[in-house]
Amino acid sequence: MSSESDSRACKPCSIMLENRRRECLSSSDPEIWQLTRAEAERQRTHIELIASENYSSPNVRQVMASELTDKYAEGYPRHRWYEGCQVADSVESLAISRAKKLFGAEHANVQPHAGSQANMAVYFSFLKPGDKILSMDLRHGGHLTHGHSHNFSGLLFQICHYGVNRETEQIDYDELRDIARDFRPNIIVAGASSYPRTLRFDRFRAIADEVGARLMVDIAHIAGLVAAGVHPDPVCVADYVTSTTHKTLRGPRGGFILCKSEYGSAIDKTIFPGMQGGPLMHIIAAKAVAFREAMEPEFKIYAEQIVRNAKVLCESLADKGAKIVSGGTDNHLFLIDCLPLGISGGQAAAALDRANITANKNVIPFDTRPPHDPSGVRIGTPAITTRGMTEPEMILLSDLIWEVMTNSDDEATIARVKSQVLEMCEAFPVPG
Ligand code: DSN
């Protein structure tokens with residue numbers, strides 16, 4: 001069938017085409033075919049609580065598997081190094097305009113292959129080796145690219161970290177201000193991978209202004225919440241906003257950068273030719289689809305439900321006796337300190353996994369255990385909310401999580417929980 005008739009295919013025809021492609025892969029490369037089916041089955045039969053994961057929509061996946069993957073388009077729309085980029089230009093222009101509209105940004109670069117490249121591009125666009133970055137400590141919720149000593153960011157730049165207050169386990173903005181006044185950073189980085197509380201971008205901005213630093217906000221985790229207006233908006237106050245597209249935003253794996261117009265040209269040059277070669281046009285098209293999906297009214301309802309689910313799940317676990325870092329959550333995730341239960345975060349996550357509940361071990365603030373086997377588990381609700389689960393399921397899920405965590409070496413309990421998890425998975429199938 002020609003590509004023209006492909007694009008006109010009605011739903012039953014699309015399904016037939018999809019089945020034909022699958023049949024083809026299953027006979028030509030059965031090993032990879034079976035692995036893709038195994039992953040689909042794992043997703044179908046597990047409750048996904050990894051805070052950074054989600055299920056992309058069928059449209060996002062369709063575009064990722066499209067012919068756009070074959071096209072080299074080094075450069076930017078209308079300024080390419082290859083011929084034949086007319087379609088690529090339209091795709092990227094659409095992705096840029098949708099990103100700007102969704103987030104109210106002056107400039108967008110949709111080419112970063114991942115969040116790490118987005119962060120790297122901001123640093124490289126104006127910092128010199130040895131310049132100063134003030135960012136959140138990874139052990140308190142930050143990210144590797146915010147200056148970890150084994151990451152390029154920590155190797156190339158002088159890093160100073162802020163963290164959370166020992167009592168409240170929340171960012172102490174007065175302390176952050178004192179650190180900034182002493183350290184005099186070139187840039188302050190806000191944003192985190194495991195911080196369950198609302199980020200006060202107004203405070204970050206005021207501190208950055210006071211010490212003459214630029215402000216970058218990494219919204220990789222909360223992008224969907226920001227887009228839906230259920231977390232304060234950093235775009236109006238930050239010099240740069242970086243993000244991934246696949247967490248709460250529910251798009252393809254990838255990154256993007258939003259910034260003020262005055263920084264746009266430096267950011268674009270840093271991404272290409274500074275850091276990357278050909279952009280991944282199929283992924284950029286899928287980002288465009290995700291940006292559009294996030295503009296729909298249903299997405300706001302989805303994002304609100306993510307936050308409600310996290311709150312109910314967290315509070316219900318706390319009521320049973322779980323020690324919650326910072327005492328609660330304002331966003332899509334929370335951390336449980338497992339030490340009071342006499343187990344490490346690794347043991348808790350492994351036991352949950354045996355019950356088909358997927359979460360990750362996570363360092364907690366002032367952790368006394370080593371990073372490879374820390375004290376906490378991180379729980380997130382973006383994926384289960386995509387499956388349609390709401391408050392009643394959060395109550396049930398809290399029972400199941402607590403049963404496993406308090407009986408982590410009792411395989412009969414774990415088996416019983418697993419059968420309830422399978423029932424929940426049947427009742428709330430993965431969409432698509
Ligand atoms: N790996 C992501 C997370 O799980 O938060 C951060 O890059």
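The values are calculated or read from the model by the stated rules, or taken from the named source; none is laboratory data. What you see is a predicted model, and the numbers here were worked out from it, not measured in a lab. FYI the Cβ positions are ideal-geometry reconstructions off the backbone, even for glycines, and counts take in every protein chain you see. The area values use the complete protein model at the heavy-atom level, side chains included, leaving out ligands, DNA and RNA. Shrake-Rupley method; radii C 1.70, N 1.55, O 1.52, S 1.80 Å.
The C-beta contact set for the range 273-302 (first residue more than 11 Å from MET64 (Cβ to Cβ), second residue of a type in the set (Phe, Trp, Tyr), distance under 7 angstrom, 6+ apart or interchain) comprises GLY274/PHE124; MET275/PHE124; GLY278/TYR72; GLU293/PHE299.
Filtering ALA99, ALA105 for residues that are in contact with a strand residue (DSSP E or B) (Cβ under 7 Å, 6 or more places away or on another chain) and part of a loop (DSSP other than H, G, I, E, B) leaves a single hit, ALA105. With respect to the stated conditions, LYS300 fails to be crowded, with 21+ Cβ neighbours inside 10 Å and either within 16 Å of the ligand (Cβ to nearest atom) or among the basic types (Lys, Arg) (or both). Screening LEU335 on (1) open to solvent by 20 Å² or more (accessible area, probe 1.4 Å); (2) within 16 Å of the ligand (Cβ to nearest atom); (3) farther than 30 Å from PRO58 by Cβ shows it passes everything except condition (1).
Quick one: would you say ALA88 is open to solvent by less than 30 Å² (accessible area, probe 1.4 Å), modelled with pLDDT of 95 or more, assigned to a helix (DSSP H, G or I) and closer than 20 Å to LEU225 by Cα?
No, not satisfied.
The single condition among (1) at pLDDT below 95; (2) surrounded by 15 or more Cβ atoms within 10 Å (Cβ to Cβ) that SER408 does not meet is (1). Comparison of PHE272, PHE291, PHE256 shows that the only residue that is part of a helix (DSSP H, G or I) and out of contact with any Asp or Glu (no Cβ under 8 Å at 6 or more places or on another chain) is PHE291. Would you say PHE366 is of a type in the set (Phe, Trp, Tyr) and within 23 Å of the chain's Cα centre (by Cα)? Criteria not met by PHE366. For the structure I just gave you, tell me whether ALA290 is over 18 Å from PRO196 (Cα atoms) and crowded, with 16+ Cβ neighbours inside 10 Å. So ALA290 passes the test.
Of all positions in the range 134-142, at least one carries a residue that is more than 26 Å from ALA266 (Cβ to Cβ), under 22 Å from the mean Cα position of the chain (by Cα) and of a type in the set (Asp, Glu).
The set of residues in the range 46-78 that are in a helix (DSSP H, G or I) and more than 19 Å from HIS113 (Cα to Cα) comprises PRO58, ASN59.
Scanning the range 355-370 for residues that are away from the ligand (no atom under 14 Å from the Cβ) and either among the aromatic types (Phe, Trp, Tyr) or out of contact with any Ser or Thr (no Cβ under 9 Å at 6 or more places or on another chain) (or both) yields ILE357, PHE366, PRO370.
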